[in-house]
Each structure stands twice: as structure tokens, then as C-alpha cells.
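The values are calculated or read from the model by the stated rules, or taken from the named source; none is laboratory data. Every value quoted in this text rests on a predicted model; they were computed, and no experiment measured them. Quick reminder, even Gly has a Cβ in these numbers, built from the backbone with ideal geometry, and neighbours come from all protein chains shown.
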Amino acid sequence: MDPSIHSTAANLAIYDSPALAAHYANLNYLTPCEKEIFTLHLKPGMSILDLGVGGGRTTPYLSSLAGRYVGVDYAPAMVQVCREKFPRLRFEEADAADLSRFASGAFDAVVFSFNGLDVLAVEQRQRCLAECRRVLRSGGVFIFSSHNARAVLTRPSWDPERVRAYSRSLVGRKRSFYPWAVALVTGVKATFSTVRSAGESLVRMARRVPSQSFWRGEGYVLDPAHGGLLTHMWVPAKVIAEVERFQFKCIQVLGDDYPRKSGQFVTGWYYYVFAQCDEEGRLRPPDRPSPNSQQ
Ligand SMILES: C[S@@+](CC[C@H](N)C(=O)[O-])C[C@H]1O[C@@H](n2cnc3c(N)ncnc32)[C@H](O)[C@@H]1O
């Protein structure tokens with residue numbers, strides 16, 4: 001399959017569905033990994049471009065922090081739900097590979113969350129990286145997440161708070177049974193979760209291990225998400241090598257499974273933070289806002 005044809009047309013058709021836009025508009029959380037990364041690298045008053053904004057999941061956090069906030073998406077359905085949900089904020093319909101409506105150096109930070117970068121075709125992704133560099137101010141940060149090409153195992157997980165709540169409802173007033181109930185419910189949950197993740201791992205291994213992306217550490221995979229998105233996946237070393245070609249310096253990589261320890265076969269995707277740097281790869285101190293930064 002030619003990724004340049006598939007991802008520009010078929011992936012956009014998938015995202016430009018009112019049902020999927022409504023799904024994304026209902027998401028209203030940040031992951032622990034995102035909270036950590038945003039807290040460390042985004043400061044109050046920054047000018048922030050929220051690329052591939054989807055249904056505006058990241059909008060409340062980023063817009064409340066930002067001095068200036070713009071959300072961009074190439075799917076009209078996504079832009080429409082954002083405008084309805086946040087009528088006072090600015091949302092634009094544009095391809096991440098063509099940010100020509102924004103002046104050079106217009107933003108302190110560009111955020112492309114939840115692996116939006118992965119659905120771009122090769123040349124489109126490269127134009128997007130060049131555009132992100134251009135619209136960032138010196139020393140500005142580019143934050144995005146991207147799928148790990150070698151993630152073939154899933155780990156069992158359950159929510160201890162839900163286990164405790166369920167155990168409380170089981171024992172009612174017989175509180176002395178509570179510790180036993182917690183142990184029993186945890187045991188049942190752990191067993192189910194282990195069996196489920198073993199099954200998911202087998203399916204994922206069958207799909208990904210034969211693929212070139214697993215062995216080369218980079219490539220396109222047809223991800224069953226949302227009915228079949230052609231998705232680019234790569235290992236951190238490949239991400240860093242490519243993005244640094246566009247005058248960025250990698251300053252942080254964090255597994256989306258944070259605060260759990262990430263692992264090369266279990267971490268589904270990573271968040272990356274790159275700072276704009278000069279041609280020699282030196283980080284430069286942030287400029288003052290440029291006069292044309294309001295575009
Ligand atoms: C997985 S969703 C994530 C949405 C949102 N960032 C979030 O975290 O909930 C990816 C989003 O990126 C958008 N997107 C994908 N390719 C794009 C492109 N070339 N230009 C602009 N937006 C794009 C899609 O339309 C979709 O809304």
C-alpha cells in the first residue's frame with residue numbers, strides 16, 4: 001500500500017466523521033504522562049499551537065495556561081465540534097504540513113498529542129516537521145507523541161480505586177470483611193486482566209512481528225483503531241534522528257505508560273519534547289515575542 005495515497009485521503013475521511021468527532025469531543029482528561037510533560041515544559045503566558053486538536057481534549061488545559069492559544073485540525077468535523085465547545089477560542093482548519101497562515105516564530109510551543117503525527121504520509125510528515133520548526137520561536141518546544149514500532153506486549157492493569165469501591169459495596173456494613181474482600185476482588189481482577197492482556201499480546205504479535213516496521217524499527221502499519229488507520233510507527237532512536245534533522249534537539253522522551261517503567265516491547269507510544277536549535281545543534285535562549293506573532 002502506498003502510504004502517501006492512503007494517509008492523506010483515507011485517514012482524513014476517517015477523522016472527518018461527525019461520530020468520531022463527537023467521540024473525541026467527549027474526552028476530557030490528560031494522561032499522567034501528558035501532565036508531567038506539560039508541567040515541565042509549558043509555562044503560563046506561552047503562545048501555544050495545538051496541532052491535530054481533535055475534539056479539544058487538551059484545549060482546557062492548554063488554553064488556560066496560554067497567553068495565546070490556537071487549535072488546528074485538518075478534519076472539518078473536528079474543527080466544528082471545537083468551535084461549538086469553545087466558542088471564545090480560535091480554531092483553524094489546516095493541514096499540519098502547511099502552516100503558512102502562521103508567521104515564522106509565532107509560537108512558543110507546538111503540541112501534537114495522541115499520535116496525530118503518525119497518520120501523515122512520509123513527505124507530509126517531513127513538511128510538518130519543517131513547518132513546526134518554522135512557526136516556533138528560538139528555543140521553542142515541540143511536544144508530540146508517536147507509536148512505538150516494537151510495542152507487541154500489553155501489560156495487565158486494573159484500577160485499585162475501583163477494586164476498593166467494589167469491595168466496600170460487597171461487604172456493606174460488615175467492615176471486618178473488607179480486607180478479605182479487597183484481596184479476593186484483586187485476585188479475580190488480576191487473573192482476568194492477565195488472561196486478557198495475554199490474548200491482546202498474541203493478537204498484536206501476530207499483526208506486528210511479521211511487519212517491516214517491527215524489524216526495521218520504522219514503518220507503516222494498518223492500525224485497527226477507528227476502522228483502520230494507516231499509522232506510522234517507529235522506535236525512539238529513529239524518531240530522534242529524523243526530527244533532529246529539522247534543527248531540533250531532543251530534550252525528553254517519556255513513555256505514555258508513565259509513571260510505570262517503560263519498556264521497548266510494552267510501551268505503546270512515547271511523548272517527545274524537542275527544542276528548536278541552531279544549525280550546529282545548539283539550544284538557543286528563547287527570543288522575545290516577535291511583532292508578527294499574532295498571526
Ligand atoms: C488521534 S486524534 C487526537 C486528537 C487530540 N489531539 C487529542 O489528543 O485528543 C488525531 C487528530 O489529528 C488530526 N490530524 C491528523 N493528521 C492531520 C494533519 N495532517 N493536519 C492536521 N490535523 C491532523 C486528526 O484529524 C485528529 O483530529
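Of the helices (runs of 4 or more DSSP H) lying entirely inside segment 63-181, those carrying at least 2 residues that are touching a helix residue (DSSP H, G or I) at 6+ places or on another chain (Cβ under 6 Å), over 30 Å from Arg284 (Cβ atoms) and without any contact (Cβ under 8 Å) to a residue 24 or more places away in the chain are 160-171.
Scanning segment 182-229 for residues that are among the aliphatic types (A, V, I, L, M), surrounded by 13 or more Cβ atoms within 10 Å (Cβ to Cβ) and not in a helix (DSSP H, G or I) yields a count of 3.
Within 24 Å of Tyr258 (Cβ to Cβ), among the hydrophobic types (A, V, I, L, M, F, W, C) and in contact with a Cys (Cβ under 8 Å, 6 or more places away or on another chain): does that describe Leu51? Taking the combined requirement at face value, the residue satisfies it.
Residue-wise test of (1) within 20 Å of Gln252 (Cα to Cα); (2) touching a strand residue (DSSP E or B) at 6+ places or on another chain (Cβ under 9 Å).
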position: Ala25; (1), (2): no, no
position: Leu40; (1), (2): yes, yes
position: Thr59; (1), (2): no, yes
position: Asp73; (1), (2): no, yes
position: Met78; (1), (2): no, yes
position: Phe91; (1), (2): no, yes
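Just one of the listed residues (Gly54, Gly45) is in the same structural domain as Val119 (by TED's automatic domain parsing), within 22 Å of Arg125 (Cβ to Cβ) and either within 9 Å of the ligand (Cβ to nearest atom) or assigned to a loop (DSSP other than H, G, I, E, B) (or both), and it is Gly54. Suppose we keep only residues that are under 30 Å from Met46 (Cα atoms) and among the aliphatic types (A, V, I, L, M) within segment 137-158. Which one would you say is farthest from the chain's Cα centre (by Cα)? My answer is Val141. Being within 13 Å of the ligand (Cβ to nearest atom) and either closer than 25 Å to Phe274 by Cβ or within 19 Å of the chain's Cα centre (by Cα) (or both): is that true of Tyr69 here? Taking the combined requirement at face value, the residue does not satisfy it.
Among the numbered conditions (1) within 12 Å of the ligand (Cβ to nearest atom); (2) touching a helix residue (DSSP H, G or I) at 6+ places or on another chain (Cβ under 6 Å); (3) modelled with pLDDT of 95 or more, the only one that Tyr24 does not meet is (2).
Report yes if some residue within segment 250-265 is in a helix (DSSP H, G or I) and at pLDDT 95 or above; otherwise report no. Within segment 250-265, none of the residues are in a helix (DSSP H, G or I) and at pLDDT 95 or above.
Just a yes or no: is a residue in segment 239-250 over 26 Å from Leu283 (Cβ atoms) and in the same structural domain as Ala21 (by TED's automatic domain parsing)? Checked against the condition, which is being over 26 Å from Leu283 (Cβ atoms) and in the same structural domain as Ala21 (by TED's automatic domain parsing), segment 239-250 yields no hits at all. Would you confirm whether any residue within segment 159-176 is hydroxyl-bearing (Ser, Thr, Tyr), touching a Phe, Trp or Tyr at 6+ places or on another chain (Cβ under 9 Å), surrounded by fewer than 22 Cβ atoms within 10 Å (Cβ to Cβ) and farther than 22 Å from Asp257 by Cα? Looking for residues that are hydroxyl-bearing (Ser, Thr, Tyr), touching a Phe, Trp or Tyr at 6+ places or on another chain (Cβ under 9 Å), surrounded by fewer than 22 Cβ atoms within 10 Å (Cβ to Cβ) and farther than 22 Å from Asp257 by Cα, one finds at least one in segment 159-176, hence yes.
Looking across Ala103, Ala130, Ala66, Ala94, one residue alone is of a type in the set (Gly, Ala, Ser) and buried (at least 21 other Cβ atoms within 10 Å of the Cβ). It is Ala66.
Yes/no per residue for (1) in contact with a His (Cβ under 8 Å, 6 or more places away or on another chain); (2) within 12 Å of the ligand (Cβ to nearest atom):
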{"site": "Tyr74", "(1), (2)": "no, yes"}
{"site": "Lys85", "(1), (2)": "no, no"}
{"site": "Arg90", "(1), (2)": "no, no"}
{"site": "Phe102", "(1), (2)": "no, no"}
{"site": "Val119", "(1), (2)": "yes, yes"}
{"site": "Ser145", "(1), (2)": "no, yes"}
